[in-house]
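> Dropping a structure here in structure tokens format, bear with me for questions.
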Amino acid sequence: MSSLLVFPGQGAQRPGMLQALPADVLEHASEALGEDVRALDSAHALASTRAVQLCLLIAGVAHARLLQHTPDYVAGLSIGAYPAAVIAGALDFADALKLVSLRGELMQNAYPQGYGMTAIIGPELSTVENLLAEIHSPETPVYLANINADNQTVIAGSDQAMKLVASRIKGNGIAKRLAVSVPSHCALLEQPAQALAQAFVSLKAPRITYLSSTRARPIHNPEQLRDDLAFNMCRIVDWRGTVQSAYERGVRLQIELPPGAVLTGLSRRVFEQGTVIACEGARLDTLQALLQEEERRHR
């Protein structure tokens, strides 16, 4: 049996999420960015894509370090891939902070308003894909962004296009606008991804197996990992496939890093056996004991 740490994406953020984190992590992050990161998690600041992404990176790394035990796998949804790569030992934390700062700025500047993401709950993937094909046009761009579960997807595009989709599924499902102000994981972000790739640093081979949430399989090669991180903003996330891949590889313990517990709910649909738990609402010593037990079994 194996263990997996998962890191959430945009939409999980909330005001005050950095305030109780260890001082050394906050000081390290502030020094790397040349600003006090404690100011990034106010309700006003979190209107910025850059602030949201930095907060999720910092919180993910800080909480993972508190666990004090090494998992067998890491995976992250969208921006969550960056703390996953840091914990895997492939990406330096200071470098991750600078890259995520740029990533957030590039995404925000590309689409400052009028775009975003919407969760579609109920209809199957094929139904959503057919609907998008009917509505998508140069005037109403809309794309499949995430495959989260058999009956849960996320779409990205213009506000107008997403409203059209929502009106078409009324009565057959739920359309829930997410707290994301950019159209992630689709072709609309191809140019920002190219710009981020130009600024990317060299990576190391991960010491912990890194599962790509866009490819739904492990990546060991540093160049492939670099490509995965730089371009994940414009590629479809297959979270359902990623969790299935982990389970098929023997993962029976999944721990979701704060904030939130959305990924825990999604994984419970896949894990027929084992333990799926979120850090939030659980005792730290309980989580440490679960990881320690998995380590002991591998010896």
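> Within the stretch 249-296, work out how many residues are among the small types (Gly, Ala, Ser), assigned to a helix (DSSP H, G or I) and within 23 Å of the chain's Cα centre (by Cα).
Adding up the residues that qualify gives 2.
> Looking only at the stretch 153-177, which residues are farther than 20 Å from ALA187 by Cα, in contact (Cβ under 8 Å) with a residue 12 or more places away in the chain and assigned to a strand (DSSP E or B)?
Result: GLY173, ILE174, ALA175, LYS176.
> For the stretch 221-248, how many residues are part of a helix (DSSP H, G or I), of a type in the set (Lys, Arg) and either surrounded by 20 or more Cβ atoms within 10 Å (Cβ to Cβ) or under 12 Å from the mean Cα position of the chain (by Cα) (or both)?
Of the stretch 221-248, the ones part of a helix (DSSP H, G or I) are 222-234, 239-248.
Remaining after also requiring of a type in the set (Lys, Arg): 226, 240.
From what's left, either surrounded by 20 or more Cβ atoms within 10 Å (Cβ to Cβ) or under 12 Å from the mean Cα position of the chain (by Cα) (or both): 240.
Count: 1.
> Looking at VAL6, VAL25 in this structure, which one is closer than 23 Å to LEU284 by Cα, in contact with a helix residue (DSSP H, G or I) (Cβ under 8 Å, 6 or more places away or on another chain), modelled with pLDDT of 95 or more and in a strand (DSSP E or B)?
Just a single option satisfies the conditions, and that option is VAL6.
> Please work out if ALA145 is in contact (Cβ under 8 Å) with a residue 60 or more places away in the chain, surrounded by 15 or more Cβ atoms within 10 Å (Cβ to Cβ), among the hydrophobic types (A, V, I, L, M, F, W, C) and not assigned by TED's automatic domain parsing to the domain that holds LEU97. Reasoning before the result, please.
Working: in contact (Cβ under 8 Å) with a residue 60 or more places away in the chain: yes; surrounded by 15 or more Cβ atoms within 10 Å (Cβ to Cβ): yes; among the hydrophobic types (A, V, I, L, M, F, W, C): yes; not assigned by TED's automatic domain parsing to the domain that holds LEU97: yes.
Here the answer is yes, as ALA145 does meet what is asked.
> Of all residues in the stretch 200-235, how many are among the charged types (D, E, K, R), in contact (Cβ under 8 Å) with a residue 24 or more places away in the chain and under 15 Å from LEU91 (Cβ atoms)?
Total meeting the criteria: 5.
The values are calculated or read from the model by the stated rules, or taken from the named source; none is laboratory data. None of these values were measured; they are calculated from a predicted model. Cβ atoms come from the backbone with ideal geometry, glycine included; neighbour counts cover every protein chain shown.
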